[in-house]
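A short write-up of the structure that comes next.
The values are calculated or read from the model by the stated rules, or taken from the named source; none is laboratory data. Computed from a predicted model, the values in this text were never measured in an experiment. Cβ placement follows ideal geometry from the backbone for every residue including glycine, while neighbour counts extend to all protein chains displayed.
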């Protein structure tokens with residue numbers, strides 16, 4: 001009887017958690033999709049252009065959506081593979097769940113929580129480390145393209161600040177090169193951690209970095225660059241669709257600058273939409289005249305790349321036993337000795353693919 005009551009309590013808590021997440025997500029999406037100046041910009045842009053003639057550009061932005069998140073999923077699977085073979089479908093569901101949680105959490109912290117739901121609880125630390133290294137790869141791609149883009153935008157629109165950018169450019173380039181060297185030798189951090197009095201759990205987590213070879217890190221960085229190219233092209237398609245007229249190189253440099261600025265602002269994506277819109281006006285429309293097209297494209301990119309996947313992620317969360325994924329439902333998992341590496345397929349069907 002006591003076991004039955006415990007299971008019932010777990011079920012209630014599970015659905016309370018899911019309901020809370022769903023409520024936060026609906027509130028966030030409603031506030032951004034229906035109470036934002038971006039929606040008004042989209043309406044005005046549609047009314048002022050022959051949108052039917054430019055429909056292929058909008059279709060292109062939508063068609064690139066699966067590629068964006070499939071690349072992110074494959075990047076995470078690659079970095080998780082030394083510890084656990086996760087089927088692509090389950091990994092994709094975890095990534096989508098992370099998008100849902102990231103919409104209303106600071107600096108996309110919820111992204112990690114979503115991915116925990118895709119692995120057995122004993123692999124939570126491995127999933128977080130794989131996501132952290134993957135995000136580092138994505139950050140390097142953003143900065144690697146963002147710095148040249150910002151320099152080009154400064155030379156094109158802000159010549160009075162060119163001297164400042166030239167001085168900053170050399171310092172930034174050196175720091176970027178050092179960052180790439182560190183990324184391909186990330187296991188150094190594991191060795192250095194032994195010299196610092198850190199908690200045992202932190203040391204065990206950092207020890208996972210020893211499993212990342214330069215080849216695997218290079219593959220992850222390639223996935224990050226490919227994903228950067230995809231969502232930059234999406235933004236460009238939307239700009240053209242809404243009537244933005246500028247040379248392609250100027251537009252792509254402005255897009256790179258926007259993502260660079262957005263990366264430096266630790267806000268949830270929902271609040272980051274405002275920052276992205278302001279950055280877009282700064283990088284793409286400093287001369288004025290195309291504000292509506294820029295704001296509409298920024299808003300549309302947010303809806304396509306984040307809101308739609310967030311709804312898919314919420315559907316995935318509703319099918320997942322949240323407490324079990326976090327390790328709070330099955331006590332035997334909590335108390336089991338640390339010998340789980342012998343069975344990397346624990347909790348999943350065996351898959352021939354990595």
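Here is the figure for segment 186-197: residues that are closer than 14 Å to residue 211 by Cβ and in contact (Cβ under 8 Å) with a residue 12 or more places away in the chain total 4. Taking the conditions (1) buried (at least 16 other Cβ atoms within 10 Å of the Cβ); (2) modelled with pLDDT under 70 in turn, residue 266 satisfies each one other than (1). Screening 125, 134, 114 for residues that are farther than 20 Å from residue 230 by Cβ, in a helix (DSSP H, G or I), modelled with pLDDT of 90 or more and touching a helix residue (DSSP H, G or I) at 6+ places or on another chain (Cβ under 6 Å) leaves exactly one candidate, 125. Being more than 20 Å from residue 234 (Cα to Cα), free of Cβ contacts under 8 Å to residues at least 24 places away in the same chain and buried (at least 20 other Cβ atoms within 10 Å of the Cβ) is the filter here; which residues of segment 58-101 pass it? Selection gives 92 alone.
Screening residue 116 with (1) farther than 30 Å from residue 174 by Cβ; (2) over 13 Å from the mean Cα position of the chain (by Cα); (3) free of Cβ contacts under 8 Å to residues at least 60 places away in the same chain gives one miss only, at (3). Candidates in segment 236-251 are the residues that are in contact (Cβ under 8 Å) with a residue 40 or more places away in the chain and part of a helix (DSSP H, G or I); of these, the one that is surrounded by the fewest Cβ atoms within 10 Å (Cβ to Cβ) is 249. When 300, 250, 275 are screened for being farther than 18 Å from residue 58 by Cβ and at pLDDT 75 or above, only 250 passes. Taking segment 140-235 as the region of interest, the helices (runs of 4 or more DSSP H) fully inside it that hold 2 or more residues being under 23 Å from the mean Cα position of the chain (by Cα) and more than 30 Å from residue 56 (Cβ to Cβ) are 162-184, 200-207.
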